[in-house]
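The values are calculated or read from the model by the stated rules, or taken from the named source; none is laboratory data. Only a predicted model underlies this, so the values are computations on that prediction, with no experimental measurement involved. Positions of Cβ are generated from backbone atoms using ideal geometry, with glycine treated the same way; all protein chains shown enter the neighbour counts.
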Amino acid sequence: MTPPVQSFVAAYQHGIYPRSEAVVQATRDLERGRTDPAAVDEAFRSDREAFLALQRRAGLDYLSDGLLRWQDLFRPLVDGTPTLEARVLVRWFDNNSFFRAPEGAETPRLSELPAWVLEDGIPEPRVGSLPSPYLFSRVALARADRDDLMAGVARDVLAPAARRMSDAGFGLIHLEEPWLAYAGIDDAAWDRFEEAVGAVREAATGATVVLHTYYGDVAPHADRLRRLPVDAVGVDFVETDLEALPTPWETGLVAGCLDGRSSVLEDAAAVAAFVRRAVDRLEPTSLYLTSGSDLELAGPEVAPRKVEVLGEVAREVRGETA
Amino acid sequence: MRTTQAEIELLTKPLLTHELGSLAKPNWRVKAAAGAPIEEGDLEDARTWGRRLGIEGHEELVELLRRAPLDPDGKAEVKRWGSRYGVGFLERVGLDVVYDGEQQRSEMYQWAVAHAEGFEWRGSVRAFDNKYYSKAAVTGPIGLRVPYHNEEFSFVRDVARAELKVPITGAYTISDWSFDERYFTDTDLGAPGRPKRRRDARRSFILDVARRLIRPNLEALIGLGARWLQIDEPGGSTEPDELDLFVESFNVSVEGLDAVFSTHLCFSDYDLFFPGIEGMTACRQFAVGFANYDSRDLGVGEEDRPGYRVLPKFRDLPYRPVLGVGVLDIHTDFVEPPELVCDRVLHSVDVFGDPARIHVIPDCGLRTRSWDVAFRKLQNMVAGVELAKERLGLD
């Protein structure tokens, strides 16, 4: 039995999870007038149940609905904000995948979240994902100063959303932040970014809030990143060299330890060994295990196997395997 | 690269119009191919569009559809009817250069991979909203099972009156849209030298697709008389640090072949292509989507046309390619009025200073739009070009 390396280790799957072939077909059929919304709802319900069962089998600590109904990471927020619209299709970083960029008012204000975001039928402890304010402000089509927009979106869109999620029983709120790792950040934007993240953190009383970076090497920004006012900061170790990160980490670590865009399955023991090295080196105050990027682009055939590997990694890291 | 005078004249016809590849497949085409029942509405659709497009003998199609479900020969015949309709559709709206709306193919990536050796399917992945594509993994040696556009091209060549341009999915896009389970399978996150080994493996994968899949396919088409081959690379700029691989894959695919080659790029940060594509000297035309990023307000000034701000970079490429300027947003049912098309064209001509270096196109294939919307969009595109020609004093 390997001794536990950390007093607090939790595993969960963040972000959007791939839709099954049944949902793919149902949503296609709906658009072509070959089925009705009830049949699509039933397909989504079945997917959600299957994903929930998978997470339980894998032994994940926080449970997600997989954001299966989200058309992209921003859409429910845009739909719930009367002055925003989603129209222009933009490539999702370096992927064959696209999102509709939020656009509209310089001072958007969330009115309500679609009911299915909060009432997703997932038991506690639940994890929810939201875009980070920095990401939101950089992908939006806006004439406003980006940092002003970041502050406004954090205060009036993301913080209210995080509060409602926290109130609805979400125990962990995961902020998705690929932009920083992919495109970097100007020194001048850091203070506003910290304030923006702090606004979300403050609103989500009762929930753990983490910010997770992926799609790029975050080492050049890690020194400042680890001081953000969140409970843990995430690194995609597919893209970032562990040895290049500053030590000690001084906060919780979200270890993105599986490649969310590759169909090659990781060896759980090898990943666990890597995570232990990361913990030894960085000495984080807590440890969360998840995939680097989310698993949507891994597709419905590969993603479930990755979730199983994630569960195995968590057991290995905790020393629960012989 | 040898290019005939006729080909040069075709390419440099001022404000030449063409399509980008795919049109939606009519319900009768989809249902017949799937072996599903054909309903009266589908027959009426075939009849109505047959009349509207002037498709000779379209009642034969209706009679064929009445016999559904069809055997394999019948299904193949329906697909050929799809090609006739596709060609007729694009000729009827008045485009200078056409193809068949890719009516005989499944989808640009799926069709290519389905005819290749060395790939296995890994399920559907979402592109956006409720649109998905089937994604494969490379698992074995890459090869061309059979030249996969020959039959289609031979048929289209025989039924089309307008000039043809054959769309072909490029090597970089096929590689980029596939999982890699052969060239790089190392999952050891801490292994020394991993990034370099990953990149070397990536290069091998992309160039193997170019050499072993795309190039023999191009050679086969040229052997059948294809003169203009459009290499579709919507994945081209997805990874900025791989622009050199994208360029190298294009060059490896076409180098020394006797035809006109162009490239289609869409929905990217086009700035990322520069200066990388300065090395794509065999590319005679870039067909690029811009309208998706543009304002719908009229105007020909730089401020009026925010979607087109990257035009000068294409203009200044040292080998002076033609630019196919996307003027139709293919993701919306909004039908661009001719005046808006005209202003986008006039702005482009103003930036380039030479209408012979501007072609006018939709942003991408129109397969996500209904035929009715696609028809009206393309009609207005042609009308907008006519307006622009009048303003420019071109015949």
**B:GLY21 vs. criteria touching an Asp or Glu at 6+ places or on another chain (Cβ under 7 Å) and part of a loop (DSSP other than H, G, I, E, B)** = yes
**Request:** Considering each of B:GLU117, B:GLU77 in turn, give the residue that is at pLDDT 95 or above and within 30 Å of A:GLU296 (Cβ to Cβ).
**Result:** B:GLU117
**Request:** Take A:LEU52 and decide whether it is closer than 23 Å to A:VAL233 by Cβ, away from chain B (no Cβ under 12 Å) and in a helix (DSSP H, G or I).
**Result:** no
**Single residue of A:GLU283, A:GLU301, A:GLU243 found to be under 23 Å from A:ASP72 (Cα atoms) and surrounded by fewer than 21 Cβ atoms within 10 Å (Cβ to Cβ)** = A:GLU301
**Asked** Restricting attention to the range B:153-200, and to residues there that are touching a residue at least 40 places away in the same chain (Cβ under 8 Å) and of a type in the set (Ser, Thr, Tyr), which single residue is nearest to B:LEU16 (Cα to Cα)?
**Response** B:THR169
**Residues located in the range B:367-381, provided they are surrounded by 17 or more Cβ atoms within 10 Å (Cβ to Cβ) and over 20 Å from B:SER106 (Cβ atoms)** = B:VAL373, B:PHE375, B:LYS377, B:LEU378, B:ASN380, B:MET381
**Item:** Hits in the range B:80-100 (condition: assigned to a helix (DSSP H, G or I) and either surrounded by fewer than 20 Cβ atoms within 10 Å (Cβ to Cβ) or free of Cβ contacts under 8 Å to residues at least 24 places away in the same chain (or both))
**Value:** B:ARG80, B:GLU91, B:ARG92
**Message:** I'm trying to understand the selection: among the residues of the range A:140-179, which are over 16 Å from A:ARG109 (Cβ atoms), among the aliphatic types (A, V, I, L, M) and crowded, with 21+ Cβ neighbours inside 10 Å?
**Reply:** A:MET165, A:LEU172, A:ILE173, A:LEU175
**Item:** Count of the range B:346-371 residues which are under 19 Å from B:ARG391 (Cα atoms) and touching a Ser or Thr at 6+ places or on another chain (Cβ under 6 Å)
**Value:** 3
**Prompt:** Of all residues in the range A:85-129, how many are in a strand (DSSP E or B), over 23 Å from B:GLY307 (Cβ atoms) and either within 14 Å of another protein chain (Cβ to nearest Cβ) or touching a helix residue (DSSP H, G or I) at 6+ places or on another chain (Cβ under 6 Å) (or both)?
**Reply:** 1
**Request:** Would you point out the residue of the range B:101-147, among those that are surrounded by fewer than 21 Cβ atoms within 10 Å (Cβ to Cβ) and aromatic (Phe, Trp, Tyr), that is nearest to B:GLU77 (Cα to Cα)?
**Result:** B:TRP111
**Request:** Working only within the range A:168-187, note down all residues that are in a helix (DSSP H, G or I) and touching a residue at least 12 places away in the same chain (Cβ under 8 Å).
**Result:** A:PRO178, A:TRP179, A:LEU180, A:ALA181, A:TYR182, A:ALA183
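Condition check ((1) over 25 Å from A:ALA199 (Cα atoms); (2) polar (S, T, N, Q); (3) touching a residue at least 12 places away in the same chain (Cβ under 8 Å)) across all residues:
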residue	(1), (2), (3)
A:ARG91	yes, no, no
A:ASP94	yes, no, yes
A:ALA101	no, no, yes
A:THR107	no, yes, yes
A:GLU112	no, no, yes
A:ILE122	yes, no, yes
A:GLY128	no, no, yes
A:ALA140	no, no, yes
**Request:** Select, from A:GLU308, A:GLU296, A:GLU312, A:GLU266, the only residue that is touching a helix residue (DSSP H, G or I) at 6+ places or on another chain (Cβ under 7 Å), in contact (Cβ under 8 Å) with a residue 40 or more places away in the chain and within 12 Å of another protein chain (Cβ to nearest Cβ).
**Result:** A:GLU266
**Prompt:** In the range B:179-195, which residue that is under 33 Å from the mean Cα position of the chain (by Cα) and not in a loop (DSSP other than H, G, I, E, B) is nearest to the other protein chains (Cβ to nearest Cβ)?
**Reply:** B:PHE179
**Request:** Kindly list the number of the only condition in (1) basic (Lys, Arg); (2) over 30 Å from B:GLY236 (Cβ atoms); (3) modelled with pLDDT of 95 or more that fails for A:ARG138.
**Result:** (2)
**Prompt:** Yes or no: B:ALA137 more than 14 Å from chain A (Cβ to nearest Cβ) and touching a residue at least 40 places away in the same chain (Cβ under 8 Å)?
**Reply:** no
